[in-house]
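Data first, discussion second: the structure below is written as structure tokens.
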Amino acid sequence: MMPHSKLHVLHVSTEVFPFSRTGGLADVAGALPYAIQKHGHVSSTLSPWYETLNTPQPPEVIKSFQVPGIGNIELGQVTIDGVNHYFLNFPLVHTPKLYGYENDPERFARFCLAAMHALLHLPHVDVLHAHDWGVGLLPAMIQYAAPHPRLHGISTAFTIHNLQHQGRWNPQDVLGWTHLPSYLVHPDGVEFFGDVNYIKSGIRYADVVTTVSPTYAQEITTPLYGENLDGILRQTQYQGKLRGILNGLDTERWDPRVDPDIVQFSDYTGKKAATEALRQEFNFDEKPILAAVTRLATQKGLDLMLPFLKELLEDWNILILGGGDANLEGIFAVLDEHVPSFKFRSGMQEALSHRIYAGADAFLMPSRFEPCGLSQMISMRYGTLPIVRDTGGLHDTVPPHIGFRFREATPQALRNVLREARGVYEDKAAWEARVREGMKQDFSWEKAAAEYIALYRTLLED
């Protein structure tokens with residue numbers, strides 16, 4: 001391929017913003033194609049056609065085709081700002097919610113099979129970029145189960161968004177669903193403690209593997225963060241196939257100057273109005289507002305604040321938006337009911353999340369691990385100082401002269417850094433300087449897109 005020729009990159013993901021979303025995976029799959037297209041290339045997405053898609057009109061059906069083992073597949077398309085978004089419709093994926101079904105392993109294995117057949121009905125693809133465990137079987141299928149020889153020439157990239165979520169099922173079923181050969185089921189292939197491991201398949205058979213931050217790429221090659229896959233990841237790193245490319249941020253969606261969900265502002269002075277609006281909305285007193293917008297999961301580390309919560313509430317108003325762990329939801333709901341300075345809202349509410357990013361003084365991310373994280377980037381852009389554990393993408397994005405970092409995932413370490421942040425808050429000039437510096441940070445997709453394009457070209461030159 002000529003060095004300046006146009007690429008066509010197809011991003012395959014189980015969720016793509018704004019159509020389907022549970023977290024950062026959708027944000028990346030939704031934003032990266034636009035950034036790549038701005039560099040003069042063609043970039044599109046392929047995802048399941050869920051029962052509910054966030055589109056003004058349903059996708060236009062552009063093709064119907066048959067896939068052995070699935071039946072009829074509808075291929076739909078929506079084009080937004082020049083980017084084509086494709087959707088595959090068949091009963092196993094046409095579901096009310098994205099995940100959480102007992103047959104999720106089958107649903108997404110079948111989706112991978114349908115996606116591979118869909119390539120025969122799409123414009124020529126140079127690089128298939130598969131995102132996370134739900135489509136981790138695709139790189140192996142392109143090599144070993146492709147229904148047409150011309151698919152063998154497609155290069156594959158695989159991005160690990162969160163190594164903890166892997167996707168596992170028994171080999172007999174998976175081989176039947178995907179048409180993969182049985183000789184791949186061994187420890188150096190897709191086998192993992194007797195199962196087929198979907199994310200291991202992506203690592204093992206993609207031409208290149210990326211993670212969503214440089215520090216996380218290093219961390220997952222260690223037993224502490226490797227989720228029992230550190231061995232194959234060290235091997236991948238040794239082969240020169242493992243790269244960490246820091247996620248960008250959709251700076252058009254997250255822009256306090258034009259954000260329709262907030263009291264808009266462009267500097268520290270304007271932010272004060274957004275903070276006051278949030279204070280009034282939740283009837284907070286004059287203490288600073290410490291917020292979190294997050295999944296409630298062990299990974300996210302909010303349980304670390306519970307041992308000293310009473311002391312914490314003497315210094316901060318606390319506002320949490322999120323859902324997940326039933327125990328934490330129960331604790332937070334009781335606190336919301338009985339403690340005026342603690343407010344909890346369940347689930348993910350898009351407009352409210354914008355108001356929280358804009359109005360909070362500090363943003364809490366005490367993650368036990370964090371592949372990248374977007375919340376800390378958003379919070380800085382909105383003048384809210386992040387308080388983060390020094391790990392993964394948080395290490396790569398939160399400078400210590402702007403946010404506050406702590407190393408050990410313990411209540412005492414979190415307590416100390418929150419005391420430090422509260423002390424700095426009392427020095428209005430020092431706090432304002434951090435806020436102003438945070439709002440200057442450039443987290444756009446421009447740099448990441450350029451790194452991905454350079455990476456894709458190396459695949460096509462091999």
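Against the numbered list (1) open to solvent by 40 Å² or more (accessible area, probe 1.4 Å); (2) modelled with pLDDT under 95; (3) in a helix (DSSP H, G or I), Tyr34 comes up short only at (2).
The numbered conditions (1) under 24 Å from Leu246 (Cβ atoms); (2) crowded, with 20+ Cβ neighbours inside 10 Å are all true for Gln299 except (2). Report, by residue number, each residue of the range 336-349 that is closer than 20 Å to Asp361 by Cβ, open to solvent by less than 50 Å² (accessible area, probe 1.4 Å) and in contact (Cβ under 8 Å) with a residue 24 or more places away in the chain. Within the range 336-349, Val339, Ser341, Phe342, Lys343, Phe344 meet the criteria.
Is it the case that the range 432-439 has a residue that's under 24 Å from the mean Cα position of the chain (by Cα) and more than 30 Å from Val42 (Cβ to Cβ)? The answer is yes, given that some residue of the range 432-439 is under 24 Å from the mean Cα position of the chain (by Cα) and more than 30 Å from Val42 (Cβ to Cβ). As a summary of the residue check, Trp49 satisfies the conditions (1) in contact (Cβ under 8 Å) with a residue 12 or more places away in the chain; (2) of a type outside the set (A, V, I, L, M); (3) farther than 17 Å from Gln77 by Cα except for the one numbered (3).
Of all residues in the range 10-31, exactly one satisfies the criterion of being open to solvent by 10 Å² or more (accessible area, probe 1.4 Å) and among the hydroxyl-bearing types (Ser, Thr, Tyr), namely Thr22.
Is there a residue in the range 306-315 that is touching a strand residue (DSSP E or B) at 6+ places or on another chain (Cβ under 9 Å) and either free of Cβ contacts under 8 Å to residues at least 60 places away in the same chain or among the basic types (Lys, Arg) (or both)?
The initial filter retains those residues of the range 306-315 that are touching a strand residue (DSSP E or B) at 6+ places or on another chain (Cβ under 9 Å), namely 309, 312-313, 315.
Filter again for either free of Cβ contacts under 8 Å to residues at least 60 places away in the same chain or among the basic types (Lys, Arg) (or both), leaving 309, 313.
Yes: the range 306-315 contains one or more residues that are touching a strand residue (DSSP E or B) at 6+ places or on another chain (Cβ under 9 Å) and either free of Cβ contacts under 8 Å to residues at least 60 places away in the same chain or among the basic types (Lys, Arg) (or both).
Residues that are open to solvent by 10 Å² or more (accessible area, probe 1.4 Å) and more than 25 Å from Leu321 (Cα to Cα): find the helices (runs of 4 or more DSSP H) completely inside the range 352-462 holding 1 or more of those.
Values: elements: 375-381, 392-397, 411-426, 428-439, 446-461.
It comes to 411-426, 428-439, 446-461.
Checking each residue in the range 261-281 for being assigned to a helix (DSSP H, G or I) and open to solvent by less than 40 Å² (accessible area, probe 1.4 Å) picks out Tyr268, Gly270, Lys271, Ala274, Thr275, Leu278, Arg279.
I'd like to check something: does the range 194-213 contain any residue that is among the hydroxyl-bearing types (Ser, Thr, Tyr) and farther than 30 Å from Ser375 by Cα? Within the range 194-213 (the criterion being among the hydroxyl-bearing types (Ser, Thr, Tyr) and farther than 30 Å from Ser375 by Cα), the answer is yes, since at least one residue qualifies.
From Thr211, Thr236, Thr215, grab the single residue that is within 30 Å of Lys271 (Cβ to Cβ) and touching a residue at least 24 places away in the same chain (Cβ under 8 Å). Don't jump to the end; show me each part of the working.
Working: Thr211 fails: within 30 Å of Lys271 (Cβ to Cβ); Thr236 fails: within 30 Å of Lys271 (Cβ to Cβ).
Only one candidate qualifies: Thr215.
Any chance the range 21-31 includes a residue that's more than 21 Å from Leu119 (Cα to Cα), of a type in the set (Lys, Arg) and under 19 Å from the mean Cα position of the chain (by Cα)? Looking through the range 21-31, at least one residue is more than 21 Å from Leu119 (Cα to Cα), of a type in the set (Lys, Arg) and under 19 Å from the mean Cα position of the chain (by Cα).
Under the condition of being of a type in the set (Gly, Ala, Ser) and open to solvent by 10 Å² or more (accessible area, probe 1.4 Å), which residue from the range 127-150 is nearest to Arg204 (Cα to Cα)? Selected residue: Ala145. Checking the structure you have, find out if any residue of the range 137-149 is β-branched (Val, Ile, Thr) and in a helix (DSSP H, G or I). Scanning the range 137-149, I find at least one residue that is β-branched (Val, Ile, Thr) and in a helix (DSSP H, G or I), so the answer is yes. Pairs linking a residue in the range 111-125 that is over 12 Å from Ile154 (Cβ atoms) and modelled with pLDDT of 95 or more to a residue that is in a helix (DSSP H, G or I) and open to solvent by less than 10 Å² (accessible area, probe 1.4 Å), with Cβ atoms under 8 Å and 6 or more positions apart or on different chains, are Phe111/Gly134; Phe111/Val135; Cys112/Val135; Cys112/Leu138; Cys112/Met141; Cys112/Thr178; Leu113/Met141; Leu113/Thr178.
For the range 298-347, filtered to residues that are in contact with a Ser or Thr (Cβ under 8 Å, 6 or more places away or on another chain) and part of a loop (DSSP other than H, G, I, E, B), the residue that is farthest from Asp390 (Cα to Cα) is Asp325.
For the range 286-296, the candidate set comprises residues that are open to solvent by less than 70 Å² (accessible area, probe 1.4 Å) and not hydroxyl-bearing (Ser, Thr, Tyr); within that set, the residue that is farthest from the chain's Cα centre (by Cα) is Lys287. Within the range 68-126, being open to solvent by 20 Å² or more (accessible area, probe 1.4 Å), among the aromatic types (Phe, Trp, Tyr) and either assigned to a helix (DSSP H, G or I) or touching a helix residue (DSSP H, G or I) at 6+ places or on another chain (Cβ under 7 Å) (or both) holds for one residue alone: Tyr101.
Kindly indicate whether Val258 is modelled with pLDDT under 95 and assigned to a loop (DSSP other than H, G, I, E, B). Against the criterion (modelled with pLDDT under 95 and assigned to a loop (DSSP other than H, G, I, E, B)), Val258 does not qualify.
So which residues in the range 45-102 are within 18 Å of Met116 (Cβ to Cβ) and of a type in the set (A, V, I, L, M), if there are any at all? Within the range 45-102, Leu46, Ile62, Val67, Ile70, Ile73, Leu75, Leu88, Leu92, Val93 qualify.
The values are calculated or read from the model by the stated rules, or taken from the named source; none is laboratory data. What you see is a predicted model; the values in this text were computed from it and never measured. Cβ coordinates were reconstructed from backbone atoms using ideal geometry, including for glycine residues, and neighbour counts include every protein chain displayed. Just the protein is used for accessible areas: all its heavy atoms, side chains included, with ligands, DNA and RNA removed. Shrake-Rupley method; radii C 1.70, N 1.55, O 1.52, S 1.80 Å.
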